[in-house]
Amino acid sequence: MTQTRSLEFRDVSVRLGARSVLRGVSFDVKPGEIVGMVGHNGSGKTTLLRVATRVLRQDGGEVLLGGESIAGFSRAALARALATVPQDTQLPYPFTALEVVLMGRAPHQPLFGLDRPEDLAAARAAMAEVGIEEFEARSIQKLSGGERQLVMFARALAQEPEFLLLDEPTSFLDLRHRIDLLGAVRRRVDAGAGALVVSHDLGLAARVCDRLVLLSHGEVVAVGPPGEVLEASVLERAFGVAADIVTAPDGSPLVVPRLSS
Amino acid sequence: MLLTRSRFFFVLSAMVLLVVASAWFSLLLGPSELSFAQVWGAVTGAEAAGPEADIVLRIRWPRTLLAMLVGASLSVSGVVFQAMLRNPLADPFVLGVSGGAALGGIAALSLGAAAGFGYNAVPPAAFVGALVTTFLLYVIAGSGERVSANNLLLTGVVFNAFASAAIVFLASVAGLTEGSQIFLWLIGNLSAARSDVAGWVALFLALGLVASLLLGRSLNLLILGDEPAAQLGVATEAHKRVLLLATSLMVGAAVSVAGLVGFVGLIIPHLLRLVLGADHRLLVPAAALGGGAFLVVCDSVARTALGGRELPVGAITALVGGPLFLYLLRKHQQRVFAP
């Protein structure tokens, strides 16, 4: 996939009731890069993903896709451009894993009708890419949290979006599957997509992401390459935790929090 | 189970056979004993005249058809409610939507008796009653972020209690209490079904069914939750409004001819999901056919089980559905489906 549109947040502000959740958030995600979004719990990361997919309306600012405000996109057009993987999804009915992955094809399909061969091919390719072909006929209700997460990720791949928006995509995954999933994200990005990944794992974020956005109390504290964002003084301000930054053998920064401050 | 074209047509063909078999069963059964050949003759037109043909074509067939329409309406409404509310216990009767429709219908009857517009006003009034109740259900029990099963069911229980009380009150004021007419509305039966409103019922069912069929994929996606569905391209608010109208039409249709027949929308979708899986593009048409066949069989039993006396069909469906409901409630106890 080759694309030229970038995803841009321009001065986005959100209030939920009396609480100001996001204040003047501005940054962009370009095709061909993975941007990591880090920050403390409640810093507004998930809220920003909801604004990007227009399931939550911002109170100020706008989200632009290729320079156009997403407010003018149809739901389906937006879903063809942006795919989200939620933190966790539980379903009350016994859909099979393949049926769930096929749901990712919805924005490409007409309103009514069965799945076409190309939909099936895209869904099966996505499952193969994540290594879950053997789940095909299994009920989503019988899968573990980590397995469900892989299915939801495969669904986002089947959506063939321009941007992957991933909310803690690896929270239920073991080390092996974390690396596999992030490898799949990297392959999509190398093929021309962009990715915005929310993560609490600063070490993994530093290794995988081209740039990091650090949010604190709804504001962008720092944007830039991981080496610049993961500074002891910046982290102390954002998380209220003192930490040492050491350099891993591959040169990426590792954050080692001090247990007593 | 992957929904292929061949599986889709195979399953629906089998369900059509089931409907035909149930109709045949219903045409054969009744106080006057008719032979296979006599029913066949009447149906095919070979013996179009005579008392046997009259029994089959003028008495049993209209009632069989009505049972089919009512069963299909209730069953499809159940499927749609269960998807929209993401709750396998949702059923138009349990949620109180049927009660709201009955209240609307009785209100039209009571006022209509005074205004003189007769029974034709009942189906539209039942539709409005169902619509208002569904709307209130959404407002009171909530539908967005987290709907607890308990919250929803409690609201339904209260709606039902209120609707029953209001129905009895209205009927008493309007003097409709003679001849146990109200009792029959409250328990649900087809013995007094008015075939003069069959056109309304068929129209309402057709509209509701077409909308539910067209939005089958949206129903699948709505089960993920409103936000995930929107993120997959579903115009959730518009589709939910259409589905709300569709269920209200179908429930209104069913209630205006049969009263409060309970649990059909719970039993059939549950059984079909066990056999066919959860894909609504198949589940909706299968529920229409399965619900139709089921109520035809229940009504045949209701007509004949006690010899000369008829049981209300609502008593039969409740005897089957009540225990199933309790089983499902226990299975899903304390379970809250978050998006």
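At a glance:
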read-out	value
Only one of A:Ala248, A:Ala232 that is in contact with a strand residue (DSSP E or B) (Cβ under 6 Å, 6 or more places away or on another chain), over 23 Å from A:Ala126 (Cβ atoms), open to solvent by 10 Å² or more (accessible area, probe 1.4 Å) and among the hydrophobic types (A, V, I, L, M, F, W, C)	A:Ala232
Pick from segment B:51-73, criterion free of Cβ contacts under 8 Å to residues at least 40 places away in the same chain and among the aliphatic types (A, V, I, L, M), ranking: surrounded by the most Cβ atoms within 10 Å (Cβ to Cβ)	B:Val56
Condition met for A:Gly39 (out of contact with any Cys (no Cβ under 8 Å at 6 or more places or on another chain), small (Gly, Ala, Ser), on the phi > 0 side of the Ramachandran plot and open to solvent by less than 20 Å² (accessible area, probe 1.4 Å))	yes
Among (1) facing another protein chain (nearest Cβ under 9 Å); (2) in contact with a strand residue (DSSP E or B) (Cβ under 7 Å, 6 or more places away or on another chain), the one test that A:Gln109 misses	(2)
Selection within segment A:71-90 - open to solvent by 10 Å² or more (accessible area, probe 1.4 Å) and touching a strand residue (DSSP E or B) at 6+ places or on another chain (Cβ under 8 Å)	A:Ala71, A:Phe73, A:Thr84, A:Pro86, A:Gln87, A:Gln90
Leading residue by the ranking (nearest to the other protein chains (Cβ to nearest Cβ)) among those in segment B:80-95 that are out of contact with any strand residue (DSSP E or B) (no Cβ under 8 Å at 6 or more places or on another chain) and under 20 Å from B:Pro228 (Cα atoms)	B:Pro88
Failed item, numbered, when A:Pro225 is tested on (1) surrounded by fewer than 18 Cβ atoms within 10 Å (Cβ to Cβ); (2) farther than 30 Å from A:Ser13 by Cβ	(2)
Neighbours by Cβ (under 8 Å, 6+ apart or cross-chain): first from segment B:1-12, within 11 Å of chain A (Cβ to nearest Cβ); second of a type in the set (Val, Ile, Thr) and surrounded by 16 or more Cβ atoms within 10 Å (Cβ to Cβ)	B:Met1/A:Thr96; B:Leu2/A:Thr96
Scope segment A:76-98; condition modelled with pLDDT under 95 and of a type in the set (D, E, K, R); matching residues	A:Asp88
Residue count, segment B:13-50 (criterion: open to solvent by 80 Å² or more (accessible area, probe 1.4 Å) and in contact (Cβ under 8 Å) with a residue 12 or more places away in the chain)	3
Any hit, segment B:191-200, residues being open to solvent by less than 10 Å² (accessible area, probe 1.4 Å), among the hydroxyl-bearing types (Ser, Thr, Tyr) and away from chain A (no Cβ under 14 Å)	no
Residues of segment B:187-222 that turn out to be among the charged types (D, E, K, R) and under 20 Å from B:Leu260 (Cβ atoms), as a count	1
Subset of segment A:10-36 [over 19 Å from A:Ala81 (Cα atoms), among the charged types (D, E, K, R) and surrounded by 15 or more Cβ atoms within 10 Å (Cβ to Cβ)]	A:Arg23
Leading residue by the ranking (nearest to the other protein chains (Cβ to nearest Cβ)) among those in segment A:43-66 that are free of Cβ contacts under 8 Å to residues at least 24 places away in the same chain and open to solvent by 40 Å² or more (accessible area, probe 1.4 Å)	A:Arg50
Of all residues in segment B:205-230 being open to solvent by 20 Å² or more (accessible area, probe 1.4 Å) and under 17 Å from A:Met152 (Cα atoms), the one that is farthest from the other protein chains (Cβ to nearest Cβ)	B:Asp226
Helices (runs of 4 or more DSSP H) fully within segment A:145-222 counting 3 or more residues that are without any contact (Cβ under 8 Å) to a residue 24 or more places away in the chain and open to solvent by 50 Å² or more (accessible area, probe 1.4 Å)	A:175-190
Test: A:Arg237 is at pLDDT 95 or above, more than 30 Å from A:Glu99 (Cα to Cα) and not hydrophobic (A, V, I, L, M, F, W, C)	no
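The values are calculated or read from the model by the stated rules, or taken from the named source; none is laboratory data. Remember, it's a predicted structure, so these values are computed and weren't measured experimentally. As a convention, Cβ positions derive from the backbone with ideal geometry for all residues, glycine included, and neighbour counts pool all protein chains shown. In case anyone asks, the SASA skips ligands and DNA or RNA and just uses the protein heavy atoms, side chains included. Shrake-Rupley method; radii C 1.70, N 1.55, O 1.52, S 1.80 Å.
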